[in-house]
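Notes follow once the structure below has been shown.
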Amino acid sequence: MTDRRQIPEFNPQGPQLVYVAVADHIAARIAAGELAAGARLPAERDLAKEYGVAYLTVRRAAGVLRERGLILTVHGKGTFVVDPLPTGEGPEQV
């Protein structure tokens, strides 16, 4: 169900802030279905290692994704992709 061709390569070069680039890339992964509705996101430190950034950068990116209504953090449980996804997100709308 995941179409990797829909997910742009993560490339934080250029004028975009790195945390926004991380948030946009994770949002693209959600839209492509790689991170399904209800799925738990990896820990911030694991995502930081995956993206090659500081974990505080990932934490700030998570804040952007929360503002966009794409993720929800439950204290003591983790961070999850919202279920259902907001209108206009997800593989069926792409």
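Points to keep in mind about this one:
- In region 36-58 there is at least one residue that is without any contact (Cβ under 8 Å) to a residue 24 or more places away in the chain, basic (Lys, Arg) and open to solvent by 70 Å² or more (accessible area, probe 1.4 Å).
- The combined condition, being in a loop (DSSP other than H, G, I, E, B), out of contact with any Cys (no Cβ under 9 Å at 6 or more places or on another chain) and modelled with pLDDT of 95 or more, is fulfilled by Gly69.
- Residue that is modelled with the lowest pLDDT, among those in region 4-39 that are more than 24 Å from Thr73 (Cβ to Cβ) and part of a helix (DSSP H, G or I): Arg4
The values are calculated or read from the model by the stated rules, or taken from the named source; none is laboratory data. Everything numeric here is computed off the predicted structure, so don't read it as measured data. When we count neighbours, we look across all protein chains shown, and the Cβ atoms used for this are built from the backbone with ideal geometry, even at glycine. Calculation scope for accessible area: heavy atoms of the full protein, side chains included, ligands and nucleic acids excluded. Shrake-Rupley method; radii C 1.70, N 1.55, O 1.52, S 1.80 Å.
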